[in-house]
Amino acid sequence: MNSPALPVLISELKFTVHGHGEGQWYAIKTPDKRFLRVGRREYFVASCLDAVRTADEVANMVHEIDSAIALTEQEVLTVVGGLTRMGLISSPDNAPAAAPMAKFSFNPIYMKIPLVDGKYLERAGAWLAPLVCLPVLILIGVLWIVAAIGVLANWDWFASATGKLFVSDSWMWWGLAWLVLKTAHELGHAVTAVRVGSPIRSAGISLIFLAPVPYVDLSDLWAIPNRWQRILCCAGGMLVELVLAASAALVAISTENAAVQYFCCALATMGTITTLAFNASPLMRFDGYYIFSDLVKYPNLYTDGQLAAKQFVLKCLRPWKAAQQRMTPALVLYGLACYQYRIVMMASLAIGAVLAMQGVGVALVAWGAYAVLIVPLIRGWRARAQQSVASRAAQQAQAIHQDSSGPTRALDDIASVTNDNCETSRKPNSSLGTTTAVPPRGMLSNYGGTVWSAAVVVGLCLLLLFVPAPIQPSIPGYIALCNPQMIRCESEGFLSEVFVQGGGAVEQGQLIARLSNPELELELLLKRNELATVEETIRLKRAQRQLAELQAYEGERDALLVHIAQLRRRLEGLDVRSTRAGVVVENDLPRMVGLFLKAGEPLAMVAHPLDYEVIASVDQQDVEQMRQAVGETLLAHIRGGRAFTGVLVKVEPRASDRLSEPLLAALYGGPITAQRQQTARGDEELKMTQPRFDLRLRLPADQNAAVVPGQMVWIRIPGQSATLMDGLGRWCSTKWSDLVKQSRTES
């Protein structure tokens with residue numbers, strides 16, 4: 001039986017050739033202004049379609065055009081089917097196939113609202129198009145260098161001014177900077193598009209989690225065959241943002257106006273961070289991706305990378321199944337990186353929406369999750385169901401075509417297939433042409449894939465539920481001296497001499513340092529002279545028997561004696577002595593010589609050598625378990641894998657939201673989230689997002705030699721070993737609590 005002639009392409013298609021040699025591909029612009037990409041094989045097949053040639057004839061003609069391409073009849077039909085799905089094949093009556101109308105649907109994650117016709121933007125861009133030239137690019141490079149030097153020269157001030165913007169009430173500066181930068185970004189695309197001769201379709205506002213972002217539709221850029229012009233057009237927006245950021249940085253370090261400084265710092269920070277982290281990234285379909293794909297001459301890199309990553313995962317789950325997608329290590333790694341970047345970006349945007357809009361943000365994230373995750377699954381199930389129905393109908397038609405026993409026999413076969421609800425296979429040597437229901441060819445592989453997938457899921461569940469986590473639940477702490485005594489100066493004065501250096505052993509009462517106070521010594525000398533004068537007067541009045549005056553002078557003498565005794569004690573307090581035997585473990589006195597010290601100011605710390613304890617901070621969800629372990633021996637470890645044991649001696653009865661040790665704060669690299677605050681006296685303290693309990697772990701003498709005061713320590717929470725699932729749940733719970741606490745604090 002002769003094969004039917006293949007249909008012809010629709011009219012008014014415009015082809016643009018991109019690349020050369022093996023990397024050549026073609027951009028097709030349809031009458032409905034869509035752009036489609038096809039390769040050399042698809043292009044040659046499409047060029048041979050004339051409503052007369054059959055699939056076999058098209059395959060032979062393509063081979064004559066390019067001897068390197070050898071197609072089978074089935075491959076030609078597959079290509080024609082793909083062109084049909086693209087809407088490039090005419091209908092049987094030679095009328096162009098109607099493209100499906102795009103329906104507007106509310107998507108809280110991303111929506112596009114066109115506002116301005118592209119012709120108006122082209123007119124505006126024509127005024128600035130002459131600026132896109134080599135001399136201007138050189139000036140831009142010089143501006144970047146000057147701005148970088150200026151920021152580095154004033155880095156402390158610039159970092160301090162920028163840090164003031166990271167507060168809850170600075171959203172106005174960030175929002176205004178965002179709109180200015182993104183408007184300039186899209187204007188840069190428009191100007192470069194006019195410069196390279198690419199039409200602009202429209203411009204408007206796109207909503208990302210309901211946040212407005214301007215956009216410019218440059219779909220016709222695919223009609224530009226020069227890839228360097230396309231790269232320039234894609235980079236135009238980022239160039240404008242970086243120019244604004246550099247200019248804003250120079251203005252910020254040269255002006256005295258606080259409002260201008262804040263706005264310029266926001267422009268400079270956002271214009272560099274968002275541009276480099278988002279627009280310049282090749283892992284999402286932003287400007288950086290199109291630049292990268294043109295540089296590597298791989299126009300379909302994003303789609304092929306994700307398909308390769310998906311095929312790689314499926315291959316790991318079902319290793320016996322043949323790969324249906326080309327996989328290379330570079331392509332798989334790129335696809336996996338794209339998936340990870342997209343997940344991180346979407347999660348960051350979702351968390352930001354929740355923290356910024358609270359309940360509305362939760363509703364938007366839930367709606368977006370439904371649109372992104374649930375809707376594609378439903379569509380996939382429907383597509384597979386339709387494909388299954390179409391496959392059964394095709395098999396039934398094939399059975400009718402091959403059956404030679406007449407209409408009645410064919411109808412019986414169709415009924416049997418429908419009742420069995422499975423695929424049928426005709427025996428090649430059957431002379432009667434009957435159909436025999438046998439297990440479908442893919443059933444065993446599908447069954448094996450189901451079993452393997454179920455085994456993998458069960459194995460993962462067992463790993464999560466029963467395998468101990470590599471990092472068991474523990475609480476942070478630090479090595480501290482046990483019962484240290486702080487030595488303070490009893491009198492104010494200038495530090496003049498230091499007798500014991502840090503690390504030196506002292507006995508109780510031993511002199512550590514000496515202060516001097518000339519004013520105090522002079523006051524004592526004057527009071528002694530005054531006392532001598534009063535005593536001489538008393539002797540005179542006693543000899544003269546003036547009793548009334550004698551009593552007055554005796555009262556004055558007693559007051560002077562008390563005052564002199566106080567001055568003597570203050571002078572004796574200038575000698576700083578140790579209150580216990582031990583080692584001076586903290587001593588900054590050599591650096592304080594010559595400074596004036598107030599009474600009560602700490603000077604040194606004395607403790608018994610090698611007498612250490614661990615002071616740890618425990619969360620509220622674990623405090624009861626730790627209280628039950630008081631008196632027990634617990635396991636602790638420090639960095640480097642070294643472990644030791646200690647006895648839990650005390651858990652504080654009340655929680656506190658003040659963190660006494662900066663070593664544990666996340667601001668200084670620790671694990672506990674804390675914020676800086678100023679006390680009423682002007683001192684700085686660390687306040688935690690949620691209160692915690694302090695506990696003390698006493699170390700035995702044989703463990704003290706292995707630790708050093710100030711080291712970070714992790715104490716294992718007593719009880720059963722935590723599994724991977726427990727560790728994951730604990731981590732998620734902690735992170736969620738921190739986010740909730742932070743959002744409440746900012747609000």
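For K315, neighbours were defined as the other residues whose beta-carbon sits under 15 Å from its Cβ, and their charges (Lys and Arg +1, Asp and Glu -1) total +4.
The length gained on full extension between S219 and T162, counted as 0.36 nm times the residue separation minus their Cα-Cα distance, comes to 16.8 nm. The simple spin-label model puts a point 7 Å past each Cα toward its Cβ; for M346 and Y120 those points are separated by 3.5 nm.
Note on D32/D56: beta-carbon distance plugged into 1/(1 + (r/R0)^6) with R0 of 22 Å gives a FRET efficiency of 0.10.
Counting 0.36 nm for each residue step from A385 to A330 and taking away their Cα separation leaves a gain of 16.3 nm.
Each of V562, V58 was scored by other Cβ atoms within 10 Å of its Cβ. Listed from fewest to most, they are V562, V58. When S247, S160 are arranged by Cβ crowding within 10 Å, least crowded first, meaning fewest neighbours, the order is S160, S247. Considering only C-alpha atoms, what is the centroid distance from segment 214-258 to segment 614-628, in Å? The two parts, judged by their Cα centres, are 54 Å apart. For segment 1-80 and segment 537-561, what is the centre-to-centre distance using only Cα atoms, to the nearest Å? When both Cα centres are located, 129 Å separates them.
Full extension of the segment from L207 to R85, taken as 0.36 nm per residue of separation minus the current Cα-Cα distance, would add 40.9 nm. Tell me, rounded to the nearest percent, the portion of alpha carbon pairs in segment 214-317 spaced more than 22 Å apart. When all Cα pairs of segment 214-317 are counted, 48 percent exceed 22 Å.
Packing around the peptides 181-190, 63-72, taken as the average count of other Cβ atoms within 10 Å per residue, puts them in this order, highest first: 181-190, 63-72. As a proxy for reagent exposure, ranking K33, K527 by other Cβ atoms within 10 Å from fewest up yields K33, K527.
Using θ = phi - 60° in the Karplus curve 6.51 cos²θ - 1.76 cosθ + 1.60, the 3J(HN,Hα) couplings for segment 118-133 round to x, 5, 5, 5, 5, 5, 5, x, 5, 5, 9, 4, x, 6, 7, 8 Hz; x is entered for Gly and Pro. Remark: for residue pairs K33/K297; K112/K321; K29/K321; K33/K310, the C-alpha separation exceeds 29 Å in K112/K321; K29/K321; K33/K310.
Label-to-label distance for M725 and K310 is 3.0 nm, based on points extended 7 Å past Cα in the beta-carbon direction.
Gyration tensor analysis over the Cα atoms of segment 485-604 returns equivalent ellipsoid semi-axes of 42, 13, 10 Å (largest first, whole Å). The simple spin-label model puts a point 7 Å past each Cα toward its Cβ; for A666 and L377 those points are separated by 3.1 nm.
Rank-order 284-293, 377-386 by packing density, defined as the average count of other C-beta atoms within 10 Å over each peptide's residues, highest first.
My ranking of the peptides, most packed first, is 284-293, 377-386.
Please say if segment 149-303 is rounded, prolate or oblate, where rounded means a/c under 1.5 for a ≥ b ≥ c the square roots of the C-alpha gyration tensor eigenvalues, and otherwise the choice is prolate for a/b larger than b/c and oblate otherwise? Taking the square roots of the gyration eigenvalues as a ≥ b ≥ c, segment 149-303 is prolate. Close amide H contacts of T54 (hydrogens built in the peptide plane, cut-off under 5 Å, sequence separation of 5 or more or a different chain): L6.
FYI, it's all coordinate maths here, none of it is from the lab. It should be emphasised that the depicted structure is a prediction, and the values quoted were computed from it without experimental measurement. FYI the Cβ positions are ideal-geometry reconstructions off the backbone, even for glycines, and counts take in every protein chain you see.
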